[in-house]
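Participant: Pasting a structure here, questions to come.
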Amino acid sequence: MSRAGSPVAPSKPRHRLELTVQYAAENDRLPARSKLRAWVRATLRRDAEVTVRLVDAEEGRTLNRQYRGRDHATNVLTFAYTDTDPLSGDIALCVPLVEREAREQHKRAEAHYAHLVVHGMLHLQGYDHEKTEDAQVMEILETQIVTALGYADPYREKQNGN
């Protein structure tokens, strides 16, 4: 109990995080390391070693073609190195695509970066959205985490039919 007599919420377990951030794209509005760390940590459910790499369109396209067989850049790619303890993986964010999507969706770029880092971190921890039920679970978790970080629901427009 707190001094005022109300129950004190149990603290969330603190997981060890080793984070590397790589800026491989030019842009004046790239998120700071401290923001990236906060977004990764908010999603973390176990100890992890994570690299977040912010890439240009060419590298984004190359990675997507090489690892997913799709000849175009995508906003976020997650590479999970399975059977590791602690959890280990890389997240690549394609800066020009993230920025363009934010403009098109009338979102702040920072909020879109936060959402995509959360999305990538959930993939890294085994979440998927290939099946409808799995996609619903992942969207709920993303919304909970992103809104807890102080950003708007990233699926609000989609839910409203816009």
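Participant: Among Glu18, Glu142, Glu49, what is the fewest-to-most ranking by other Cβ atoms within 10 Å?
Facilitator: Fewest to most other Cβ atoms nearby, the residues stand as Glu18, Glu49, Glu142.
Participant: Now for a separate question. With a cut-off of 8 Å between alpha carbons and a minimum separation of six or more residues, what is the relative contact order of the chain in percent?
Facilitator: Answer for the chain is 19 percent.
Participant: Once you've got the GNM for the chain with C-alpha springs shorter than 10 Å, pick whichever of Val21, Val137, Val52 has the biggest mean-square fluctuation.
Facilitator: Checking each option, the largest mean-square fluctuation is seen for Val137.
Participant: If each residue's Cβ is checked for other Cβ atoms within 10 Å, how do Thr143, Thr62 rank with the fewest at the top?
Facilitator: Listed from fewest to most nearby Cβ atoms, that is Thr62, Thr143.
Participant: Give the Cα extents of the stretch 66-148 along the principal axes, in whole Å, largest first.
Facilitator: Taking the Cα atoms of the stretch 66-148, the three principal extents are 39, 32, 25 Å.
Participant: Given 10 °C and 1.306 mPa s, compute D for the stretch 11-162 with the Stokes-Einstein relation, Rh being the Kirkwood radius over Cα pairs; round to the nearest whole µm²/s.
Facilitator: The estimated diffusion coefficient comes to 101 µm²/s.
Participant: Roughly how many debye, to the nearest 20, is the charge dipole of the chain about its Cα centre, given +1 on each Lys and Arg Cβ, -1 on each Asp and Glu Cβ, and no other charges?
Facilitator: Once rounded to the nearest 20, the dipole reads 640 debye.
Participant: Here's another thing I want to ask about it. Most exposed first by the Cβ proxy, i.e. fewest other Cβ within 10 Å, how do Lys35, Lys107 rank?
Facilitator: Lys35, Lys107
Here, each number is a calculation from the coordinates, and none is a lab measurement. Worth saying up front: this structure is predicted, and the values here are computed from it rather than measured. Here Cβ is always computed from backbone atoms with ideal geometry, including for glycine, and neighbour counts include all displayed protein chains.
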